[in-house]
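K.L.:
Just passing along the structure, written as structure tokens.
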Amino acid sequence: MSLTDQFGRAITDLRISVTDKCNFRCVYCRSADPENHKPDHELLSWPELERIARILIGLGIRKIRITGGEPLVRPGVEDFMARLKSLGVRDLSMTTNGHLLADHCDRLVAAGMNRINISLDSLDPAKFEKITRTHSFNKVMAGIDRAQNSPLRPVKVNAVLVRGLNDDEVEAFAAFARERDLIMRFIEFMPLDADRHWTRELVVPAAEVQRRIEARWKLEPLPHERSETARKFRFADGRGEIGLIASVTQPFCGFCSRIRITADGKLRTCLFSKDDHDLRYMVRNGHTDANIADAIRAVVNDKEEGHRINQSDFVPPSRTMVYIGG
Ligand code: SF4
């Protein structure tokens, strides 16, 4: 059984946002208001999330990434992941801001998680505080240490580059990847921020990042699956890898294999979808698994060809990143 869309793309990757709450206030993601999250009763319960995941696995989903908000702030996430693993998910991962990772790492590994993405937008503690509006730099570094000393592989560190904020750290991040022998990924800033500050001028193109790193070190391209978001490179002389996620300047929508479930139970076929499809209503109003599976197939069939950021008619979606999950 497999899910395909009208363009013949196989949809095998699911991102599940388990909460819209977060213990960070990253300036390129959410507003400073600590209370801008939905009431708990609007969020899917663990059994509801598991039911939807089970239906999607039955439809051919093979990879699941757990996102938020910040997934580790919701108690019970490890048990939920263990449930997903027992349902036959081969590739189980998480995107976290790392603040709670050192405390949760062993339980995540025990739950069957395979790999991890950790956000780190600055190597300068003062700038880190400016970007995240927290004092968590050391906690995040401890989380990265803990992940690297665990069976989780690969360990990827993600930085969203914003012109004038942290683009001066490209070379430092590359050196960090070499020192730590990890995968450092540079993500282009996307128009999904709550404060709507995004402009094209704030985007640091992946091509520039590659050029600046290659001015210091020789890079060798690495093979990658067509549906992967990152173009990958290794350092020719040894340790560490680089990933470039050029969502804005070099879109990779043509081979997109992803769909998302939001914490409040909406199916989104694209990060930039204008529409949400309400699975929570179906789950809470007596619809059968077969009904829900049919609804999912129909929605996925109509998946957008891609984002329209580079088209003149582009309008950012009303739902911002923290309510979608990366
Ligand atoms: S923007 Fe949408 S279609 Fe493009 S890669 Fe992302 S989720 Fe897929």
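K.L.:
Using the Cα centre of the chain as the reference point, and only Cβ charges (+1 on K/R, -1 on D/E), how large is the resulting charge dipole? Debye, rounded to the nearest 20.
P.N.:
580
K.L.:
Taking the Cα centroid of the range 1-64 and of the range 216-280, what is the distance between the two, rounded to the nearest whole Å?
P.N.:
16
K.L.:
Compute the Rg/Rh shape ratio of the range 282-324: radius of gyration over Kirkwood radius, all on alpha-carbon atoms.
P.N.:
1.13
K.L.:
Share of the chain's accessible area from carbon and sulfur, percent, 1.4 Å?
P.N.:
Roughly 52 percent, rounded to a whole number.
K.L.:
In addition: From zero up to wherever the largest Cα-Cα distance of the range 168-326 sits, split into 10 Å bins and tell me the percent of pairs in each.
P.N.:
10, 32, 29, 20, 8, 2
K.L.:
If you place +1 on the Cβ of every Lys and Arg and -1 on the Cβ of every Asp and Glu, how big does the dipole about the Cα centre of the range 27-117 come out, in debye to the nearest 20?
P.N.:
That gives a dipole near 580 debye.
K.L.:
Whole-Hz ³J(HN,Hα) for each residue in the range 136-150, computed from phi via Karplus 6.51 cos²θ - 1.76 cosθ + 1.60 with θ = phi - 60°, x for glycine and proline: what do you get?
P.N.:
These are the phi-based 3J(HN,Hα) values: 9, 3, 5, 5, 5, 4, 5, x, 5, 4, 4, 5, 5, 9, 10 Hz.
K.L.:
Same structure, new question: Filter the chymotrypsin sites (Phe, Trp or Tyr not before Pro) in the range 247-315 down to the DSSP loop ones having no more than 12 other Cβ atoms within 10 Å, then list what survives.
P.N.:
Those that pass, being in a loop and sparsely packed, are Phe314.
K.L.:
I would also like to ask the following. Positive end of the dipole of the range 13-324, charges at C-beta (+1 Lys, Arg; -1 Asp, Glu), about the Cα centre: which of Ser150, Pro251, Gln311 has its Cα farthest in that direction?
P.N.:
Value: Ser150.
K.L.:
List the equivalent ellipsoid semi-axes of the chain in whole Å, largest first, each obtained as the square root of 5λ for an eigenvalue λ of the Cα gyration tensor.
P.N.:
30, 22, 20
K.L.:
What does the highest-first list of 211-221, 188-198 look like by mean Cβ count within 10 Å?
P.N.:
Packing proxy ranking, top to bottom: 188-198, 211-221.
K.L.:
Oh, and also: Which whole-Hz couplings ³J(HN,Hα) result when phi for each residue of the range 72-82 is put into the Karplus expression 6.51 cos²θ - 1.76 cosθ + 1.60, θ = phi - 60°, listed in order with x for Gly and Pro?
P.N.:
In residue order, the calculated couplings are 6, 7, 9, x, x, 5, 5, 4, 4, 5, 5 Hz.
K.L.:
On to the next question. Given +1 on the Cβ of Lys and Arg, -1 on the Cβ of Asp and Glu, and no further charges, what dipole in debye does the range 212-290 carry about its Cα centre, rounded to the nearest 20?
P.N.:
220
K.L.:
Apply the a/c threshold of 1.5 to the C-alpha gyration tensor of the range 1-151 and tell me whether it is rounded, prolate or oblate.
P.N.:
Since a/c reaches 1.5 and a/b is larger than b/c, the shape of the range 1-151 is classed as prolate.
K.L.:
I'd like to know which of Ile242, Asn114, Pro39 lies farthest towards the positive end of the charge dipole of the chain, counting +1 on Cβ of Lys and Arg and -1 on Cβ of Asp and Glu.
P.N.:
It is Asn114.
K.L.:
Which trypsin sites (Lys or Arg not before Pro) from the range 252-290 combine a DSSP loop assignment with at most 13 other Cβ atoms within 10 Å?
P.N.:
Qualifying residues, ordered by number: Lys274.
K.L.:
Karplus couplings for the range 97-104 from phi (6.51 cos²θ - 1.76 cosθ + 1.60, θ = phi - 60°), rounded to Hz, Gly and Pro as x?
P.N.:
These are the phi-based 3J(HN,Hα) values: 7, x, 4, 9, 5, 4, 6, 9 Hz.
The values are calculated or read from the model by the stated rules, or taken from the named source; none is laboratory data. No experiment lies behind these values; they were computed from the predicted model shown. Virtual Cβ from ideal backbone geometry, glycine too; neighbours counted across all protein chains shown. Heavy atoms of the whole protein, side chains included, go into the accessibility calculation; ligands, DNA and RNA do not. Shrake-Rupley method; radii C 1.70, N 1.55, O 1.52, S 1.80 Å.
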